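This report concerns only the one structure given below.
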Amino acid sequence: MGIFVDENLCNRCGTADEPMCVRDCPGDLMFIKENQKAAIVGNRECWDCAACVKVCPTQAIHMQLPTSVVVRGVELRGRAMKHKTVWRIRLRDGDEKGYETPSTGKPPFTPSL
Amino acid sequence: MSSVIHRDCDVLIIGGGAAGCVAAVEAKELAPELDVVVMEKAHVYRSGCLAAGISALNAYLHQGETPESFLRYVIRDSVGIVRDDLTLTMAAELNAQVKRVESWGLPIPKDERDRPLKRGRGSIKIFGERIKPILGKRAEASGATILNRVNATALAVHDGRVIGAYGVGTRDAKLHAVRAKTVLVCTGGAAGLYRPSNPGMASHRMWYSPFNTGAGLAMGIRAGAEMTSFEFRFIPLRIKDAIAPTGEIAQWLGAQQINALGEEYLDKHYAHLGGRSMTTQDRLYATLLERRAGRGPCYLDVRNVNPKRLEGTIAAYLSMAPPSAMLMSDEAYYAKHGGVMAPVEITGGEPLVVGGHGLSGYWIDAARRASVPGLWAAGDVAGGSPKKYASGAWAEAVIAVRAMVEEARQREHAPLDAGELAREHARALKPLEKPGSISPQDLEERLQKVLDEYAGGISRDYGYSEHELKIAKLHLGRMADELASLAAITPFELMQCHDVIDRVTVAKTLVEHMLHRRETRWHCYQERLDYPQRDDARFMLFVNSVQGPDGAIRIVERPVERAQLDVELPPLADGAVIRHSR
């Protein structure tokens, strides 16, 4: 567990046949509720792979760790761009740390190794 | 019988993960005229083990290494039980397949001489966050037909030959019957057999994909395909809680394993096992022994690592195991606020049946043919060739497809057996029929409890005896009634029912293998408390099995056929060094 959908941001990917998070979840866990917002069948099933987090075009999804693993929330957000993925980790005091990871293409890459 | 969706093809690939995607591309490149279908339970863009990404490719031949040197390493690590033919043919393909996937867009950093950056002996650094979409999109563009959202449930068999497969739509619960001239199974290994590392809501916070349920293994077992070495249960030594890979810290940062006293315990206390060059399983075993000796828990020593490099590690984990990046950030938060940053604690995970890291899976020939005609296997579902990992799965897929294409060109479709179709329709959709009393989660917990307690799970320090295994066998046999009472309302729940049905099938074969090997060859992976010594005279062989139509599992022993190599095996408990040559 698991992921959380901000229903104020989710637009079910507009008129797409299938929202991106529903398409990409490796466990087939995402679905669209009657109110046309994305949801997960249960955070107990989630592998925490962040596929849905990265692919969401409105960044409506963030990930948290299970309470039994870390007591109070650290939050992960991310966005897949063309050649890189940008990440934000929100710490428990609200501070945020940013990262970039190369995702496709050829050298030179500019990550921190 | 509700409507069945029929389809014919030349090459059917079951499972669109690392192996399946490359297999589809290879098949269409070699034979554009052939009709290639990929049956995938989720969507090829992010399905399988590589969903979160990976930060290294762990099977690669650096300059100076050869297939033979790779084989030597694997023979020693697997204490002699390896298929040399599979390992040599796989290793010979590795670098070409890595180069190929790089040409599809996988970022691989290079040194000043344009060689991939070395992370370990057989390992290169990559930026693999998007590795699965890269593979999936290439498979899609290859001209192969991708059947996303179809969960394979059974092989179709005619006159002893595999002639296709059945699957159930995960959104509509419709039965698909796909006839094929050749079938490749590459559905991955089996997680979720044992009680996992984390409890309740965190139970899927595991290293291997919880969506790899052993479906392809179960299909093969039910169709009478020969399986090998299930008793070699791969158990990952991982970062505690996140259950994330250690290589990024151990290899890339060069952090050593230390105990609670700060000692580099592999060298200090286990020189007789080879110290820090001991086998993979002994690294886990030594970590367990340290705890028993009162010197646990154990850690990866990052005390002297430059904080800047540690930040780079967090980025690497984001591309592979995001929870680990989150936990490391949380620890850094505590450190920032005057607390003590906990070192990186390591622990063993749940035992897995997986051929990519371990030995277990389909028994295949050098062309990756299974024992049942018409069927091939590649990747984590295929046994006999450990340490092939993702790039080895690509290599195996390519080797299999070369033979499949030749055969598909020469064959006609065989007729689908109407009786078999009706039986599979009834079996596959049965949980939807009536309100039953057992949910798939209920039965999964039961299975995991039985294996954990009686077949050497985490709570038993991975050890087990014949007495305990027989109790496990008894309980698995009794699960027949519960399996028949599984109930599902939605198509998603139906898929979960099949997940647990397949896991029980795999577990039954697993326990028979564990019963048969009356020695301890691979500590933790295969830890017979009643036979604690290695017995090379009796058990330098493969333990294989075949399930008959009546469900009875017959054990078959197969010899180890060694290529012209002279490899020093790890020492026996008494310190004697054993050389192993033909």
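The values are calculated or read from the model by the stated rules, or taken from the named source; none is laboratory data. Quantities reported herein were computed from a predicted structural model and do not represent experimental measurements. Backbone-built Cβ (ideal geometry, glycine too); neighbour counts: all protein chains shown.
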Could you give every pair whose Cβ atoms fall below 6 Å, whose first residue belongs to the stretch B:160-173 and is closer than 21 Å to B:G548 by Cβ, and whose second residue is surrounded by fewer than 19 Cβ atoms within 10 Å (Cβ to Cβ), counting only separations of at least 6 or pairs across chains? B:R161/B:P373; B:I163/B:A414
Return the residues of the stretch B:319-364 that are among the aliphatic types (A, V, I, L, M), modelled with pLDDT of 95 or more and outside any loop (DSSP other than H, G, I, E, B); say none if nothing qualifies. B:I346, B:L352, B:V353
Can you name every residue in the stretch B:261-286 that is out of contact with any helix residue (DSSP H, G or I) (no Cβ under 8 Å at 6 or more places or on another chain), of a type in the set (A, V, I, L, M) and either surrounded by fewer than 23 Cβ atoms within 10 Å (Cβ to Cβ) or part of a loop (DSSP other than H, G, I, E, B) (or both)? B:L261, B:A271
Output the residues belonging to the stretch A:48-79 that are in contact (Cβ under 8 Å) with a residue 40 or more places away in the chain, outside any loop (DSSP other than H, G, I, E, B) and more than 7 Å from every other protein chain (Cβ to nearest Cβ). A:C52, A:V53, A:I61, A:H62, A:Q64
Quick check on the stretch B:289-308. Is at least one of its residues facing chain A (nearest Cβ under 10 Å), surrounded by fewer than 18 Cβ atoms within 10 Å (Cβ to Cβ) and out of contact with any Lys or Arg (no Cβ under 8 Å at 6 or more places or on another chain)? yes
Before we move on, is A:A60 at negative phi, hydrophobic (A, V, I, L, M, F, W, C) and out of contact with any Leu (no Cβ under 9 Å at 6 or more places or on another chain)? no
Pairs under 6 Å by beta carbon, first residue modelled with pLDDT under 95 in the stretch B:553-582, partner polar (S, T, N, Q) and in a loop (DSSP other than H, G, I, E, B), six or more apart or different chains? B:D566/B:S581; B:P570/B:T279
Of all residues making up the stretch B:409-468, the number that are more than 30 Å from B:G349 (Cα to Cα) and in a loop (DSSP other than H, G, I, E, B): 11
Per the filter on the stretch B:27-79, residues over 20 Å from the mean Cα position of the chain (by Cα), in contact (Cβ under 8 Å) with a residue 60 or more places away in the chain and in a loop (DSSP other than H, G, I, E, B) are B:A31, B:P32, B:L34, B:D35, B:L61, B:H62
Condition (residue is in contact with a strand residue (DSSP E or B) (Cβ under 6 Å, 6 or more places away or on another chain), among the aromatic types (F, W, Y) and either within 30 Å of B:H337 (Cβ to Cβ) or away from chain B (no Cβ under 11 Å) (or both)) applied to the stretch A:97-104: is it met by at least one residue? yes
Within the stretch B:123-144, can one find any residue that is touching a His at 6+ places or on another chain (Cβ under 7 Å), of a type in the set (S, T, Y) and away from chain A (no Cβ under 14 Å)? no
Of the numbered conditions (1) within 14 Å of chain A (Cβ to nearest Cβ); (2) out of contact with any Lys or Arg (no Cβ under 8 Å at 6 or more places or on another chain), B:A215 fails exactly one; give the number of that condition. (2)
Single unsatisfied condition, B:A242 versus (1) part of a loop (DSSP other than H, G, I, E, B); (2) over 30 Å from A:L29 (Cβ atoms): (2)
Residue tally, condition of a type in the set (S, T, Y) and either touching an Asp or Glu at 6+ places or on another chain (Cβ under 6 Å) or within 21 Å of B:G361 (Cα to Cα) (or both), over the stretch B:56-108: 4
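Yes or no, residue by residue, for (1) in the same structural domain as B:L155 (by TED's automatic domain parsing); (2) over 17 Å from A:V74 (Cα atoms); (3) in contact with a Cys (Cβ under 6 Å, 6 or more places away or on another chain):
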residue: B:M320; (1), (2), (3): no, yes, no
residue: B:P323; (1), (2), (3): no, no, no
residue: B:M326; (1), (2), (3): no, no, no
residue: B:E331; (1), (2), (3): no, no, no
residue: B:H337; (1), (2), (3): no, no, no
residue: B:V344; (1), (2), (3): no, yes, no
residue: B:Y362; (1), (2), (3): yes, yes, no
residue: B:A367; (1), (2), (3): yes, yes, no
residue: B:S371; (1), (2), (3): yes, yes, no
Quick one: A:K33 ticks every box in (1) in contact with a strand residue (DSSP E or B) (Cβ under 6 Å, 6 or more places away or on another chain); (2) over 30 Å from B:K336 (Cα atoms); (3) touching a residue at least 40 places away in the same chain (Cβ under 8 Å) bar one, so which box is it? (3)
